[in-house]
Amino acid sequence: MSTTATTHRVLVLAAPGERHDEILTPEALEFIGRLDAVFEPRRLEILKERRRRRDRLVSGTPLDFSITTSAVRADPGWRVAPPAPGLTDRRVEITGPPDRRMTVNALNSGARVWMADFEDATAPTWDNLVGGQLNLLDAIERRIDFTTGDGKAYRLGTDLATIMVRPRGWHLLEEHLRAGDRPVSASLVDFGLYFFHCAQRQIDAGHGPYFYLPKLENALEARLWNDVFVLAQELLGIARGTVRATVLIETITAAFEMEEILHALREHSAGLNAGRWDYLFSLIKTFGHRTDFQLPDRAKVTMTAPFMRAYTELLVRTCHKRGAHAIGGMAAHVPSKDPEANEAALAKVRLDKEREAEDGFDGSWVAHPGLVPVCREVFDLVLEGRPHQLDRTRDDVDVAAADLLAVRRIGGPPTPEGVRANVTVALRYFEAWLRGHGAVALNGLMEDAATAEIARVQLWQWLRHRTVAREDLLAVLDQECAAFAAEQPGALVPQARAVLERTALERDLPAFFTPDAYSRHLVRPAGAAS
């Protein structure tokens, strides 16, 4: 492993890559080092608090709205910052990894916003991460294009989506950047590199540095991000409040602190998003020890389930009460070449988006450019020329803690088909992730880390409560591994199986699969050839 850049704060431990020096400048590394020096102790403390809270919930402490922050919820006098340039109308947002092809296609897709995802849709290889930063820089400078293998060229058009960047979560590290003898927070790396190189460029272009914040579990974590924004703006001479950030409500504990999260970020807030796949993952992970929190097959847990309706309606009411955008969940269907299958898939997407628009959401997510027209048409009909529906305050919504936790109302045993589907998704996604692909089309759906997480924690929960026999699950795993290996000779099937076994079949459930897989497979050991 070679050293490619160094400052008195941050050391880069990675082999040189093409144009990496444009991103990993001494000044950019110094900027990350300054953020790291200030915020690393607080990051470690919030991770400790996550563990302490998890232990309390396992021991039987009930999850409820906090009494200590009731004054924030009761105070009618505060609102978040007004929408920033390029974020007033968010009726369609597209998400995907910042690889070159996705960057061009997403910006040209007709969506109002593109979330460049360094988290769930990106396998964090060093080339993917630095390459993604280069692609964003090139896109802002309008010097990016893409040509397919058959010679079809893609270039940026004139009506481009607004860029929002999702950095990795607070729990993740970037092992290729070291501050002294320890790795740097992956959150600060992804945020810091983009902010340093692109914040002023985005302001000059009429927008600004905008972000999506993943995996937050409480308002203290949102406050940490707010303080990062304040310092970053100060260091680069950017006006305080220029940053905007949308928080994904994708953990069950964050659902109980939506107003507090908006309050913590209010000068930088761009609203909340219903990150429904990670939300289900969090619910299972948090209460997996309880028999009354067993969910049936993933395909049977729809957004019409009572506890999911409570979650989304509370999100809309909370956002609009405080003048914030409410953004709906992901449509993960991938358009098919089969007309009949495609029509059926688009009909499901339309129904999902109609429900969101009628509930008061201001926009929603899609994973593929082919879904943009459907989502846009649905929201066009409801918005009727308006950029959003913040005026729909949803005062009719009254959600109690019991409503958010009413999982037993849709409980049921897993089916053999559901068990096999989870094994297949987890196994094939892990294999693709190990090869450097974070967004993978499987069986007509765009799978990312969030959906793979649901698959593995459901398997763990079913084994724990013996609703699935271990020998039966292992038999399915053997069959799927054999089929995968026969279908794709050379695939990393043994390695993917090892990740699945370590993160789903052991007694103790790891909080995430990514730290284990990252440290074992995506970080090149010292001295290895580049």
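The values are calculated or read from the model by the stated rules, or taken from the named source; none is laboratory data. Please read all numbers here as calculations on a predicted model, not as lab measurements. Here Cβ is always computed from backbone atoms with ideal geometry, including for glycine, and neighbour counts include all displayed protein chains. Remember, those area values only see protein heavy atoms, side chains included, never the ligands or the DNA or RNA. Shrake-Rupley method; radii C 1.70, N 1.55, O 1.52, S 1.80 Å.
Checked against (1) open to solvent by 10 Å² or more (accessible area, probe 1.4 Å); (2) assigned to a strand (DSSP E or B); (3) under 21 Å from Lys48 (Cα atoms), Thr286 passes all but condition (2). Looking across region 150-188, just one residue is in contact with a Ser or Thr (Cβ under 6 Å, 6 or more places away or on another chain) and in contact (Cβ under 8 Å) with a residue 60 or more places away in the chain, and that is Trp170.
Pairs are defined by a Cβ separation below 7 Å, a sequence spacing of at least 6 or placement on different chains, a first member in region 236-259 that is over 15 Å from Asn273 (Cα atoms), and a second member that is aliphatic (A, V, I, L, M) and open to solvent by less than 10 Å² (accessible area, probe 1.4 Å); the pairs so defined are Leu236/Ala199; Ile238/Ala199.
On inspection, Thr318 fails the criterion of being within 30 Å of Glu267 (Cα to Cα), in contact with a His (Cβ under 6 Å, 6 or more places away or on another chain) and of a type in the set (S, T, N, Q). The residues in region 43-72 that are among the charged types (D, E, K, R) and crowded, with 16+ Cβ neighbours inside 10 Å can be counted, and the count is 3.
Before we move on, is Ile144 touching a Cys at 6+ places or on another chain (Cβ under 9 Å) and on the phi < 0 side of the Ramachandran plot? Outline the logic, then answer.
Details: touching a Cys at 6+ places or on another chain (Cβ under 9 Å): no; on the phi < 0 side of the Ramachandran plot: yes.
No; evaluated as a whole, the condition is false for this residue.
Here Thr4 passes the criteria (1) surrounded by fewer than 19 Cβ atoms within 10 Å (Cβ to Cβ); (2) within 21 Å of Tyr194 (Cβ to Cβ); (3) modelled with pLDDT of 95 or more except the one numbered (3).
So is Thr503 among the hydroxyl-bearing types (Ser, Thr, Tyr), assigned to a helix (DSSP H, G or I) and open to solvent by less than 10 Å² (accessible area, probe 1.4 Å) or not? So Thr503 fits the description; yes.
The listed residues are Arg394, Arg386, Arg309, Arg408, and the only one of them that is closer than 20 Å to Thr251 by Cα and over 26 Å from the mean Cα position of the chain (by Cα) turns out to be Arg408. Contact map, region 284-309: first residue within 28 Å of Gly444 (Cα to Cα) and among the aromatic types (Phe, Trp, Tyr), second residue open to solvent by 10 Å² or more (accessible area, probe 1.4 Å) and in a helix (DSSP H, G or I), Cβ cut-off under 8 Å, separation 6 or more or different chains; pairs are Phe307/Asp403; Phe307/Arg409; Phe307/Ile410. The residue list Ala485, Ala441, Ala475, Ala469 contains one member that is in contact (Cβ under 8 Å) with a residue 40 or more places away in the chain and hydrophobic (A, V, I, L, M, F, W, C), which is Ala441. Among the residues of region 119-142, are any crowded, with 16+ Cβ neighbours inside 10 Å, in contact with a strand residue (DSSP E or B) (Cβ under 6 Å, 6 or more places away or on another chain) and of a type in the set (Asp, Glu)? Taking every residue of region 119-142 in turn, at least one turns out to be crowded, with 16+ Cβ neighbours inside 10 Å, in contact with a strand residue (DSSP E or B) (Cβ under 6 Å, 6 or more places away or on another chain) and of a type in the set (Asp, Glu). For the structure I just gave you, tell me whether Arg240 is open to solvent by 10 Å² or more (accessible area, probe 1.4 Å), more than 15 Å from Leu315 (Cβ to Cβ), touching a strand residue (DSSP E or B) at 6+ places or on another chain (Cβ under 7 Å) and modelled with pLDDT of 95 or more. In short, no. Residues in region 393-408 that are open to solvent by 80 Å² or more (accessible area, probe 1.4 Å) and assigned to a loop (DSSP other than H, G, I, E, B) were compared, and the one that is nearest to Ile284 (Cα to Cα) is Asp398.
Each residue in region 334-348 was checked for being free of Cβ contacts under 8 Å to residues at least 60 places away in the same chain and among the polar types (S, T, N, Q), and 1 pass.
Among strands (runs of 3 or more DSSP E) entirely within region 1-108, having at least 3 residues that are in contact (Cβ under 8 Å) with a residue 24 or more places away in the chain, on the phi < 0 side of the Ramachandran plot and of a type in the set (Val, Ile, Thr) singles out 92-96.
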